[in-house]
Amino acid sequence: MAEVIQPLMLDYAVTDANSHFDHALVNVGGELIQYPIYNTVISGRTILKYIYLKDTEIVGKQILGASLMDNQGRTLANRALNIIKNDRGFLIGFEFSIKLEAKAIV
């Protein structure tokens, strides 16, 4: 049986999904702090988004979680954390694998 979904459609799904991520909100000790998306890596059908925390003002504070947001401030993804920030940078990663399924109706 031939594949219903063609590679181009999957490429479109990856490109579209990636276009909606705008910034991150990181919960630092109960305060939400906005961070830019530090890096994006697209490999095949996988999107990796990275948020980098280098701020020295948050050393010793508890990082409780991070959310990826769209440009209207709506939450697209959440990640719970429970880390005490040290004096080095901290990288938070999100991984999205894009998969589509279609069924032929006869």
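Observations on the structure shown:
- For the criterion of being of a type outside the set (S, T, N, Q), open to solvent by 60 Å² or more (accessible area, probe 1.4 Å) and either at pLDDT 95 or above or under 29 Å from Val14 (Cα atoms) (or both), Leu76 passes.
- Whichever residue in region 85-94 is surrounded by 11 or more Cβ atoms within 10 Å (Cβ to Cβ) and not basic (Lys, Arg) and, among such residues, is nearest to the chain's Cα centre (by Cα): Phe94
- Of residues in region 54-73 being in contact with a strand residue (DSSP E or B) (Cβ under 9 Å, 6 or more places away or on another chain) and of a type in the set (S, T, N, Q), the one surrounded by the most Cβ atoms within 10 Å (Cβ to Cβ): Ser67
The values are calculated or read from the model by the stated rules, or taken from the named source; none is laboratory data. Computed from a predicted model, the values in this text were never measured in an experiment. Counting neighbours? That spans all protein chains shown, and the Cβs are built from the backbone with ideal geometry, glycine included. Note: accessible area is taken over every heavy atom of the protein model, side chains too, but ligands, DNA and RNA are not part of it. Shrake-Rupley method; radii C 1.70, N 1.55, O 1.52, S 1.80 Å.
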